[in-house]
Structures are given as C-alpha cells and as structure tokens.
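Reading through the structure tokens given below for one structure.
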Amino acid sequence: QVQLVESGGGLVQPGGSLRLSCAASMWMFSIYTMGWYRQAPGKQRELVATIPSSDIPNYGDSVKGRFTISRDNAKNTVYLQMNSLSPDDTAVYYCNAKLYGVDYWGQGTQVTVSS
C-alpha cells in the first residue's frame, strides 16, 4: 500500500516562495522515483520535477532555475522548493511515486500565486 500526503500549499504573492512536502508511506521508499506534477484549471497535468533513487533530478522547462526538488530517504519525504513564483505557477500540485511503471498519486495541494 502506497500513501502520499502533500502539504505546504497556499496563497503567495508573485515573486514569493513556498516549500511543498510529500510524506510517503511505503516499503523501500528509497527505490521509488519521486516527483511533483501540477494541473492548472483547463490544462493537462504536467511534469514539474522528478528525482530518482540516484538523486539526479529532472525538471520541466517552465520551472528550471526556480524550483528545486529534493528527497530525504530517512524521513520518507520529498520536497519541492519553489522560488520566484508567478501567477502561471497557480495549480494543484500532486506528489507522485513511480516504481516498475506503476504510478501512485497524492490528493494534491493547491498553490495560488496572486497579489
């Protein structure tokens, strides 16, 4: 059984920062590729960032240089540090865990960037 619980979303002004956390419950967290995806109203879900067990992250083009994904295998947690936020970053952010082609999803956390 895999459970993913996101936290840290909210309302932030343009140019501000937020840090999302995803607490994961599963056996052998360290071997999963963990990631963050987002979905804005009327748009498809898109990749934000992923981090495999090798710890080499991959980022979507729209967030490169602004967002940083990290993981703490001792705490079964993955983080997303988001800086220089803009209204275009407004979306529901979903935590994802992937292993052997199987995806698991959290319930999502809302991030709203607005003045």
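Backbone phi angles across the range 105-115, fed through the Karplus curve with coefficients 6.51, -1.76 and 1.60 (θ = phi - 60°), yield HN-Hα couplings of 10, x, 7, x, 9, 7, 10, 10, 10, 7, 8 Hz in residue order; Gly and Pro are listed as x.
Given R₀ = 41 Å, what would the calculated FRET efficiency be for Gln3 paired with Ser115, taking r from the Cβ atoms and rounding to 0.05? So, using R0 = 41 Å, E works out to roughly 0.70.
Beta bridges from DSSP with both residues in the chain: antiparallel share about 95 percent, rounded to the nearest 5. Estimated from the Cβ-Cβ distance and a Förster radius of 35 angstrom, the FRET efficiency linking Asn73 and Gln39 is about 0.80. Between Ile31, Ile69, Ile51, find the one with the highest GNM mean-square fluctuation for the chain; connect C-alpha pairs within less than 10 Å. The residue with the greatest mean-square fluctuation here is Ile31. Considering only Gly101, Gly35, Gly15, the mean-square fluctuation computed in a Gaussian network model of the chain, springs between alpha carbons under 10 angstrom, is largest for Gly101.
What's the long-distance tail for the chain, i.e. % of Cα pairs beyond 16 Å? When all Cα pairs of the chain are counted, 55 percent exceed 16 Å.
For the chain, the share of accessible area belonging to carbon and sulfur comes to 49 percent (1.4 Å probe, ligands and nucleic acids excluded).
Maximal additional length on extending the Arg19-Ser84 stretch stands at 22.2 nm, based on 0.36 nm per residue less the C-alpha distance. Accessible area per residue for the range 34-101, computed on protein heavy atoms with a 1.4 Å probe, is 51 Å².
GNM on the chain, C-alpha springs below 10 Å: top fluctuator among Gln44, Gln81, Gln13? So, out of Gln44, Gln81, Gln13, the one fluctuating most is Gln44. Extension gain, Arg66 to Asp103, is 10.8 nm, computed as 0.36 nm per intervening residue step minus the present C-alpha separation. Its relative contact order, with pairs defined as Cα atoms under 8 Å and 6+ residues apart, puts the chain at 37 percent.
The values are calculated or read from the model by the stated rules, or taken from the named source; none is laboratory data. For clarity, every value in this text was computed on a predicted model and none was experimentally measured. Here the Cβ is made from the backbone with ideal geometry for all residues, glycine too, and neighbour counts use every protein chain on show. Ligands, DNA and RNA are excluded from the accessible area calculation, which covers all protein heavy atoms including side chains. Shrake-Rupley method; radii C 1.70, N 1.55, O 1.52, S 1.80 Å.
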